[in-house]
Amino acid sequence: MGDPRLKPAEHDFVAARRRLEAKPKSAGEKLTTLEDAARRVRDGDHVAVGGCLFSRTPLALVREILRARPRGLTLTRNLMCTEGELMMAAGAVERVVTAWMSIGLPWGVSKVMRHYVETGKVAMEEWSHLALGLRFRAAAMGLPFLPALTMLGSDLAGVGGMKTIQDPYSGETLAAVPALFPDVALLHVHRADRFGNCQVDGYPHMDGDIARAATTVLVTTEELISEDETRRHPDRTVIPGFAVDALALVPWGSFPHECYGLYEADFDHFAEYTAAIDARGMDAVGEYLGRYVYGPATWDEYLELFGGERLALQRRRARDLVG
Amino acid sequence: MSASVNAAELLAVMASRQLRDDTTVFAGVGVPLLAAALACQRHAPRLTMIIEGGIIGPEIAPGRLPISTNEMRAGRRATMLPAITDAFLFAQRGFVDVGFMGGAQIDRYGNINTSTLGTDYWKPKVRLPGTGGANDIASLCREVIIVTAHEKRRFVEKVDFVTSPGWLGGDGSRRRAGLLFGGVSRVVTTLGILGFDGETRSMRIEATHPGVTVEEIRANTGFPLGLAPEVVVTEPPSDDELAMLRALDPERRFLG
């Protein structure tokens, strides 16, 4: 078993360390435009996406990156959702690294994922959810791998080339989960100051580890706060400014996915999207890309397609759940 | 038992009874989560639910059931929201008593496939969504209970791909692979409750649901099933179990 698109160099901890040592780690200005942030993704990059499934997905960044028509990306996300489908349908991605991909139980197995993986256009490299988390954590710790008790004995262990190691103390067999150092991390957070200090409410997901694992970190934020505000609540900061390369202010930057406490995911939108795919297959995804990705020139124009009433309703629903 | 009990309701009630008070359960969304929520409300108030999106101790709101494991609905009134990796590490440390999971394809040793149908992983005939946290739950919890509809196409002699390890090939092979802890203890289905022989680790019938025969279970299973020394008949769902369950899912999102 194997696939030529597997890239063992992704866990080269020495090279990853050298890359980080060579780049500036400034406490200075990180604020820029969404367009400028998105331009930092190059063809062939390994891109890790923060959030999880339809929670705090950096969709504004994904959309802006797709508008530049990139090619040959590897996309890694623990649970992959519509952002992965759009990346596949846009022809941007040749490999995904994930534990699970679809939208959610009510909408069945992703037809887009099935089409691209079953026809061999995209390779799907599967790791267990914890193993993928440990890949980011090992990288965040600057280590080549972490020992673990998961993925042993299963066929999953053979997919991404995971090896085992003998515990030098007890002699037991352990999984040696390899680090994963992505080229670029895409993250969306609740608030940040202009120097890139980021704060998150609710689910941390894997964002803290991903920000430490990647070479380049691009962030969008719902709200821009002052440096004084960061310093008043430093305990809330989950990513330090020196780890961030570019920050853009993008309210509703995850929509129609959710942002904890601010807006609930738009399940009706998912239902319409999947119904169109059920009816017209991959053509429907192409039309969706035209309408939502390539059509609107700005994120504000994109949001207008949903309308203020819909956004207000999703905000009320979020407050109702978390408030 | 009311004649109007459907398969999902029966499954949720039977699964909820497997959970004991003063324990912890790692629950997947859908029927496993409904069953755990029912147990919390009814007979296990000191049961803690852990959900893989990074949620500990949520109180699921009737009518606003979560669709995924990591959205606001899933974490409602939770006591802690750890990072996802840390949520799983509670299981690796040994804090999680029961892993509660579904399954697409299951074999006689309780191995589960949710990855690919076909013989070559890289050229799948059908690509399924994948493991999510299922492999971790199956590897790390003290005990795993599988909750699934009982259909011949699901209960196969050999799964195409072992996504989540049960007893692997039986006879100590799980332990030899380095899986020191846990294993599948029971499979709760729409027809009965299955367990595993203590030595061969081969699946066997432990209980039938009311009105279901051993022959019927065997006819809906793609491999030979042994019998536990004593095969019992489960108690039908009570009116209060059904009322509480139905109140949790008035939209019938998971109860059908």
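Read-outs throughout are calculated quantities, based only on the coordinates presented, and are distinct from any laboratory measurement. Since this is a predicted model, take the numbers as computed values, not measurements. Cβ sites come from the backbone with ideal geometry, for glycine too, and all protein chains shown count toward neighbours.
Using DSSP to call loops (not H, G, I, E or B), can you name the chymotrypsin sites (Phe, Trp or Tyr not before Pro) in the range A:123-224 whose Cβ has at most 16 other Cβ atoms within 10 angstrom?
The qualifying sites are A:Y169.
From the Cα gyration tensor of the range A:6-134, with a ≥ b ≥ c the square roots of its eigenvalues, which class applies: rounded if a/c is under 1.5, or else prolate if a/b is larger than b/c, or else oblate?
Taking the square roots of the gyration eigenvalues as a ≥ b ≥ c, the range A:6-134 is prolate.
Please report, in whole Å³, the volume per residue of the convex hull around the C-alpha atoms of chain B.
Hull volume over Cα atoms, normalised by residue count, gives 127 Å³.
Checking the table A:K111/B:K125; B:K123/B:K152; A:K121/A:K163; A:K7/B:K125; A:K7/A:K111; A:K111/B:K152 against a 18 Å threshold on Cα-Cα, which pairs fail?
Values: A:K111/B:K125 13 Å; B:K123/B:K152 25 Å; A:K121/A:K163 27 Å; A:K7/B:K125 24 Å; A:K7/A:K111 26 Å; A:K111/B:K152 25 Å.
Among A:K111/B:K125; B:K123/B:K152; A:K121/A:K163; A:K7/B:K125; A:K7/A:K111; A:K111/B:K152, the Cα-Cα distance tops 18 Å for B:K123/B:K152; A:K121/A:K163; A:K7/B:K125; A:K7/A:K111; A:K111/B:K152.
Counting only C-alpha contacts under 8 Å and six or more residues apart, can you give the relative contact order of the range A:9-106 as a whole percent?
Here the relative contact order equals 23 percent.
What is the fewest-to-most order of A:V93, A:V49 by other Cβ atoms lying within 10 Å of their Cβ?
A:V93, A:V49
To check you understand DSSP bridge types, tell me what percent of the beta bridges within the range A:1-103 (both residues inside) are antiparallel, rounded to 5.
10
May I ask for log10 I(q)/I(0) of the protein assembly as shown at q = 0.10, 0.12, 0.13 Å⁻¹, from a Debye sum over the Cα atoms as equal point scatterers with solvent left out?
Relative scattering, expressed as log10 I(q)/I(0), comes to -0.82, -1.19, -1.39.
For the range B:7-248, with the dipole built from +1 on Lys and Arg beta-carbon atoms and -1 on Asp and Glu ones, taken about the Cα centre, which of B:G130, B:L140, B:G222 lies farthest toward the positive end?
Result: B:G130, furthest along the dipole toward the positive end.
With helices defined as uninterrupted DSSP H runs, which ones in chain B have an alpha carbon span along their own long axis of at least 15 Å and mean Kyte-Doolittle hydropathy of at least 1.0?
B:31-42
What list of ³J(HN,Hα) couplings, whole Hz, do you get for the range A:311-316 from phi and the Karplus terms 6.51, -1.76, 1.60, once you set θ to phi - 60° and write x for glycine and proline?
For the range A:311-316, the Karplus-derived couplings read 5, 5, 5, 5, 5, 4 Hz, x marking Gly and Pro.
Output the relative contact order of chain B, whole-number percent, from Cα pairs under 8 angstrom with separation of 6+ residues.
It comes to 19 percent, rounded to a whole number.
Counting Lys and Arg as +1 and Asp and Glu as -1, each charge on the Cβ, what is the dipole of the protein assembly as shown about the Cα centre in debye, to the nearest 20?
860
Could you tell me what percent of the DSSP beta bridges with both partners in chain A are antiparallel, to the nearest 5?
Percentage antiparallel, nearest 5: 30.
For chain B, what is the mean residue ellipticity at 222 nm derived from helices alone (per DSSP H run of n ≥ 4: -39500 (n - 2.57); sum divided by total residues; nearest 500 deg cm²/dmol)?
The per-residue figure over chain B is -6500 deg cm²/dmol.
Please give the calculated 222 nm ellipticity per residue for chain A, where each DSSP H segment of at least 4 residues contributes -39500 (n - 2.57) and the sum is spread over every residue; nearest 500 deg cm²/dmol?
So the helix-based figure for chain A works out to -9500 deg cm²/dmol.
Mind listing the long-range amide H neighbours of B:T234? Cut-off is under 5 Å, sequence gap 5 or more, other chains count too, H placed in the peptide plane at 1.01 Å from N.
Here the answer is B:T208, B:H209, since their amide H atoms fall under 5 Å of that of B:T234.
Starting at the first residue of the range B:52-66, write each ³J(HN,Hα) from the Karplus equation 6.51 cos²θ - 1.76 cosθ + 1.60 with θ = phi - 60°, in whole Hz, x for Gly and Pro.
3J(HN,Hα) across the range B:52-66, in whole Hz: 5, x, x, 9, 10, x, x, 10, 6, 7, x, x, 10, 5, x.
To the nearest 20 debye, what charge dipole does chain A have about its Cα centre, counting +1 at the Cβ of each Lys and Arg and -1 at the Cβ of each Asp and Glu?
Magnitude of the dipole: close to 640 debye.
For peptide B:95-103, what's the mean number of Cβ atoms from other chains within 10 Å of each residue's Cβ?
Details: counts 0, 0, 0, 0, 0, 0, 0, 1, 0.
Going residue by residue through B:95-103 and averaging, the value is 0.
Please list, in chain and number order, the residues 5+ apart from A:T220 or on another chain whose amide H is under 5 Å from its amide H, with Hs placed from the backbone.
A:L187, A:H188, A:V189, A:A248
Counting other beta carbons within 10 Å of each residue's own, what order do B:H150, B:H209 fall into, fewest first?
With the fewest neighbours first, B:H150, B:H209 line up as B:H150, B:H209.
Run through the DSSP bridge list for the protein assembly as shown and note the antiparallel percent, rounded to the nearest 5.
Antiparallel bridges make up about 35 percent of those DSSP assigns within the protein assembly as shown.
Normalised by the residues of chain A, what does the relative contact order come to in percent, with Cα pairs under 8 Å and at least six apart?
Over chain A, the number comes to 21 percent.
Among the GluC sites (Glu not before Pro) within the range B:127-212, which fall in a DSSP loop and have no more than 13 other Cβ atoms within 10 Å of their own Cβ?
B:E151, B:E157, B:E199
Sorting B:L65, A:L218 on the 10 Å Cβ count, fewest up front, what's the list?
Values: B:L65 21, A:L218 30.
In order of increasing Cβ crowding within 10 Å: B:L65, A:L218.
Once you wrap a convex hull around the alpha carbon atoms of chain A, what is its projected area averaged over all directions, in nm²?
Projected over every direction and averaged, the Cα hull of chain A covers 17.2 nm².
Give a residue-ordered list of calculated ³J(HN,Hα) values for the range A:293-298 (Karplus: 6.51 cos²θ - 1.76 cosθ + 1.60, θ = phi - 60°; whole Hz; x for Gly, Pro).
Computed from phi, the couplings for the range A:293-298 are 9, 7, x, x, 6, 10 Hz.
Search the structure for amide H atoms under 5 Å from the amide H of A:D193, placed 1.01 Å from N in the peptide plane, and list their residues when 5 or more places away or on another chain.
Placed amide hydrogens put A:I225 under 5 Å from A:D193.
For the range A:120-189, what is Rg from Cα atoms divided by 2.2 N^0.38 Å, rounded to two decimals? Mind showing how you got there, number by number?
Details: Rg = 13.5 Å, N = 70, 2.2 N^0.38 = 11.1 Å.
Cα Rg divided by the expected 2.2 N^0.38 Å: 1.22.
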